[in-house]
Amino acid sequence: MSILEVKGVRKVYTTRFGGNKVEALRDVSFSVEAGEYVAIMGESGSGKTTLLNILAALDKPSGGTVILDGRDLSKIRESAISAFRRDNLGFVFQEFNLLDTFTLEDNIYLPLVLSGTGHREMKERLAPIAAKLGISELLKKYPYEVSCGQKQRAAVARAMITSPKLILADEPTGALDSKSTDELLSMFSEVNALGQTILMVTHSVKAASSANRVLFIKDGEVFHQIYRGDDTNDGLYQKISDTLTLLATGGKTA
Amino acid sequence: MKVGFYPKLAVDSIMKNKKMFTPFILTCVGMVMMFYIIMYIGLCSVPDSMMGAESVRSMLQLGSVVIAVFACIFLFYTNSFLMRRRKKEFGLYNILGMGKWSIARILFWETITVAAVSILAGLLFGISFSKLAELGFINIMNGEITYDLNISWVAVARTLEVFGVIFLLLLLNSIRQVRFSSAVQLLRGESTGEKPPRANWLFGILGAVVLVGAYYIAVTIKDPITALLWFFVAVLMVIAGTYLLMISGSVMFCRLLQKNKGYYYKPNHFVSVSSMAFRMKRNGAGLASICILATMVLVMISSTTCLYFGEENAVNQRYPRDINIDFRFGGIDGLSDDIAEAVRRDIDGMVADAGASAGNVISYRTAAVSGYMTDDGNVELDVRKIDDRDVDVMANVFQFLFVPLSDFNETVGDDISLGDDEALICVYRHDFDGDVLSFNGGRSFHVKKYDEKKFEHGEGYIISPCMVVVVPDLEYAVEGIADMTDSLGEGMLQYRMKYDFDTELDVDEEIALCDTINEILYSTPLDASYMEAKYGAYASIASREENRQDFYGMFGTLFYIGIILSIVFTLAAVLIIYYKQLSEGYEDQARFGIMQKVGMTKRDIKKSINSQLLTVFFLPLLFAAMHLAFAFPIIHKLLLLFGLDKVTLFAATTGVSLLVFAVFYTIVYKLTAGAYYKIVSGTKEEF
């Protein structure tokens, strides 16, 4: 069953004085099945971020519909949107977005506290996640006391703790060194193997090659997609590279 | 490079940082204005004819020194906010290839611009408001009003000097900051020092202890002289205690809240408690400063208002009748009935000559001595034998007035008789429940209490406790004491007679009568006054009207300085709040952005901001109110030194001051909270 359905999404930005119209997304349609691990690739300016903002209900599309777990995002009232986001979506950002005023533990609790969960339950939920992500020892530390990789793991824990329908990751490896990148990607794969649906936006071939399916966006449209099939990460890596080369040289692929 | 390059760049960057510069310039303008006004009034508005003109001038001068020192400290403080936000800009200039020397030149021109604008505007406002301020001053002093506008060039010059120096120091400090940091450090300037706080138990507890100590001093001291000595100690302790407690105590408090999981992990506490814990350490100093300023304003305004509105009371205490004459005699012989009769007749004659009559008379003879009394009624008259290690020794030093029964009966209109070793006592400002009163080296008496309100002794001092001891035979009663001498070899007993009375004359006639009597008393011969020659008495005469002007002068000036300084300090407190909120707003922008992404609603944000601001705002006010409450007894004692004994009036002025300040503070809170919310919610909801 599809957990996310994107149909004919269009987004047009109008400049302040109504003069120029810029079409960031022309006609994007795709769907994500429950338990999938999907990467969306595209160059800067291809509309990736706009798409992610729409999927996260941070922005409204000019046309088309986004259906998350059977609910049309545009039909949710403005006052309920934050709570909806909190309960159904988990976010992982490029720059972690941890609050420096909180310990890692409190950072992870933040969405749960906002939805009024009791402390005992929060603790019970955190323990297995922290163990899996290998940050059990770091929970009492403040963000500035830990490495970038550890920060990103805490951010992943924060995204997972609400058991969201979908985790949205925006360039999650962008600020990490290669070792931390490897760790994070294998963590994503493990989490995905346990049934967590993940949608990741990236322009790193390496990050994308850990996904099960890769969508390519160009000029506001889904241009192409690759399934992993039986490929290894390396095999997928090669396919993605080839596709990117084609995209860059302007060739056409079916 | 063109000549005007740096000045232009400086003006440009001031315009670009309007939000930061405007309040700073306004502060400078305010400070310059206040300084000029108080200088001007001290130099020009105190008429030479006024009684105590010199002391009023020097009080005003002291006020101007206070403003200058405060302006210096405060402008440094606000300038540091400015610099923190601007370091990034300078870092960028530095990286783009501008040398430190060039940045210093920009800073120089900036300072010149700010200084010129604010000193000019400050002087302009100062000169235009100086007349208004002068009118207020003269009105307070009950003086005569003139309507010509003056400019005091001396005050202008002094203002230029003082603020020129302050701005020079500011410039040097800014240059120092730029000079000693690298471009990268400058770029990061604003986000440095983001370390999580650790609760410092030692300092927190120390702060609490110091504060409690200060409170203890303020509450337990009974006597005004001791209060004066300890007041400044208590003030310093309160300041130190407040800073310690606010800086580390508040972090400790937040940590405790965080430990309480049930409380902490609630949507409306979670964010506010943690960010408070985080910034308390840095901003504890700011909060403490606001608190201290608020306390100073409240103490100043409540006590000076009380003095001003209570001056009538103080005058009446000090001078119970229109005309008050005191006689002092060399020995007990002077207190004989014959002499007393003759003296009264003499004075009555002088009054009659002026076409008036003495009415409502207070007149009695007394032998006065002061001594230290223990609770069991033992009195030690020799100060050398008193153990002065006791802090509150002064609280038990009594003024004893031995009064002959005949005079007493006449004054109160009673008909009491006493045995030889019996005495009637009236106790003022102290309690005494014993049956026996015994003077070391003198006699002992079986005492009966008498309602002290019925006997108006008219003694001006109302600082120390006082006991009127009514005895049947004065000479017999003071036997033994009469022979004692103090360390200078002079007799301890003072033989006095009072003759205070009202007349129906108007003010001018009354002062004239007073002068006439004074003239007679001291006319002939020069080396021995009239009374001395005639009765062996020294006489001093005081007219209430004449002295009233003196009181108005002193209390009025204090009241005026109180108002001016209160305005300055309030202005400062408001600005500290504004800058604090502004800089916190910029810091929090990113934080609230993140929280929105993670699913915090705008309403949650508003709620958490409210809870945070409420605490941050009203903590200093709460502390100030607490300080004020504990300071109340000690300030009341100090007011006694000014001859003011009106607890209810002081309670009223304190209450009203607190109320007015709280209302004003709340308005500032509303405004600032609005500005803060605008900054914080200005974040875009995007990846």
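Values as computed for the structure displayed
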item: Odd one out for A:GLU95, checked against (1) buried (at least 21 other Cβ atoms within 10 Å of the Cβ); (2) within 16 Å of B:ILE594 (Cβ to Cβ); result: (1)
item: First in the stretch B:262-274 and more than 7 Å from chain A (Cβ to nearest Cβ), second anywhere and of a type in the set (Gly, Ala, Ser), Cβ under 6 Å, 6 or more apart; result: B:ASN268/B:SER611; B:VAL271/B:SER608; B:SER272/B:SER608; B:SER272/B:SER611
item: The one condition in (1) in contact with a Lys or Arg (Cβ under 9 Å, 6 or more places away or on another chain); (2) buried (at least 22 other Cβ atoms within 10 Å of the Cβ) that A:GLY235 fails to fulfil; result: (2)
item: Condition check for A:ASN53: within 8 Å of another protein chain (Cβ to nearest Cβ), without any contact (Cβ under 8 Å) to a residue 24 or more places away in the chain and within 15 Å of the chain's Cα centre (by Cα); result: yes
item: The one condition in (1) in a loop (DSSP other than H, G, I, E, B); (2) away from chain B (no Cβ under 14 Å) that A:ASN97 fails to fulfil; result: (2)
item: Residue list for the stretch A:167-201, restricted to those being outside any helix (DSSP H, G or I) and touching a Cys at 6+ places or on another chain (Cβ under 7 Å); result: A:ALA175, A:LEU176
item: For B:GLU545: the one exception among (1) in contact with a Pro (Cβ under 9 Å, 6 or more places away or on another chain); (2) within 21 Å of B:ILE323 (Cα to Cα); (3) surrounded by fewer than 21 Cβ atoms within 10 Å (Cβ to Cβ); result: (1)
item: The stretch A:102-121 - residue that is at the interface with another protein chain (Cβ under 7 Å from one of its Cβ atoms) and not hydroxyl-bearing (Ser, Thr, Tyr) and, of those, surrounded by the fewest Cβ atoms within 10 Å (Cβ to Cβ); result: A:GLY116
item: Exclusive hit being surrounded by fewer than 19 Cβ atoms within 10 Å (Cβ to Cβ) and more than 8 Å from every other protein chain (Cβ to nearest Cβ), set A:SER79, A:SER74, A:SER46; result: A:SER74
item: Every pair of residues 6+ apart whose Cβ atoms lie under 8 Å, when the first sits in the stretch A:111-137 and is more than 24 Å from A:ILE81 (Cβ to Cβ) while the second is surrounded by fewer than 13 Cβ atoms within 10 Å (Cβ to Cβ); result: A:HIS119/B:GLY262; A:LYS132/A:GLU190; A:SER136/A:ALA127
item: Residues of the stretch A:125-137 classified as away from every other protein chain (no Cβ under 13 Å) and surrounded by fewer than 21 Cβ atoms within 10 Å (Cβ to Cβ), total; result: 8
item: Condition met for A:THR65 (in a strand (DSSP E or B) and either hydroxyl-bearing (Ser, Thr, Tyr) or over 30 Å from A:LEU114 (Cβ atoms) (or both)); result: yes
item: Only one of B:PHE623, B:PHE650, B:PHE632 that is in contact with a Cys (Cβ under 8 Å, 6 or more places away or on another chain), under 22 Å from B:LEU211 (Cα atoms) and in contact (Cβ under 8 Å) with a residue 12 or more places away in the chain; result: B:PHE623
item: Count - residues of the stretch B:394-445 that are in contact with a Ser or Thr (Cβ under 8 Å, 6 or more places away or on another chain) and without any contact (Cβ under 8 Å) to a residue 40 or more places away in the chain; result: 4
item: Any hit, the stretch A:202-212, residues being touching a residue at least 12 places away in the same chain (Cβ under 8 Å), surrounded by fewer than 18 Cβ atoms within 10 Å (Cβ to Cβ), in a loop (DSSP other than H, G, I, E, B) and of a type in the set (A, V, I, L, M); result: no
item: Enumerated strands (runs of 3 or more DSSP E) restricted to the stretch B:418-461, each holding at least 2 residues that are surrounded by 16 or more Cβ atoms within 10 Å (Cβ to Cβ) and under 41 Å from the mean Cα position of the chain (by Cα); result: B:422-428, B:436-439
item: B:LYS259 being more than 14 Å from chain A (Cβ to nearest Cβ) and over 22 Å from B:PHE618 (Cα atoms); result: no
item: Helices (runs of 4 or more DSSP H) within the stretch B:474-556 that include 3 or more residues modelled with pLDDT of 85 or more, farther than 30 Å from B:MET300 by Cα and not basic (Lys, Arg); result: B:474-477
item: So A:PHE30, is it at the interface with chain B (Cβ under 9 Å from one of its Cβ atoms), assigned to a strand (DSSP E or B) and modelled with pLDDT of 85 or more; result: no
item: Total residues in the stretch A:140-176, condition more than 14 Å from every other protein chain (Cβ to nearest Cβ), touching a Leu at 6+ places or on another chain (Cβ under 8 Å) and of a type outside the set (Lys, Arg); result: 6
item: From the options A:GLY42, A:GLY64, A:GLY116, residue that is among the small types (Gly, Ala, Ser), at pLDDT below 85 and under 30 Å from A:LEU246 (Cα atoms); result: A:GLY42
item: Residues being closer than 20 Å to A:LYS151 by Cα and not in a helix (DSSP H, G or I) - total across the stretch A:102-139; result: 5
item: Given (1) of a type in the set (S, T, N, Q); (2) surrounded by fewer than 20 Cβ atoms within 10 Å (Cβ to Cβ); (3) within 11 Å of another protein chain (Cβ to nearest Cβ), index of the condition A:THR65 fails; result: (3)
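Residues checked against (1) of a type in the set (S, T, N, Q); (2) crowded, with 21+ Cβ neighbours inside 10 Å; (3) within 14 Å of chain A (Cβ to nearest Cβ); (4) within 27 Å of A:ALA155 (Cα to Cα):
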{"residue": "B:ALA590", "(1), (2), (3), (4)": "no, no, yes, yes"}
{"residue": "B:GLY599", "(1), (2), (3), (4)": "no, yes, yes, yes"}
{"residue": "B:ARG603", "(1), (2), (3), (4)": "no, no, yes, yes"}
{"residue": "B:LYS607", "(1), (2), (3), (4)": "no, no, yes, yes"}
{"residue": "B:LEU613", "(1), (2), (3), (4)": "no, no, no, no"}
{"residue": "B:LEU619", "(1), (2), (3), (4)": "no, no, no, no"}
{"residue": "B:ALA625", "(1), (2), (3), (4)": "no, no, no, no"}
{"residue": "B:PHE632", "(1), (2), (3), (4)": "no, no, no, no"}
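The values are calculated or read from the model by the stated rules, or taken from the named source; none is laboratory data. Keep in mind the model is a prediction, meaning the values are calculated, not measured. Every residue, glycine among them, receives a Cβ derived from its backbone with ideal geometry; neighbour counts consider all protein chains shown.
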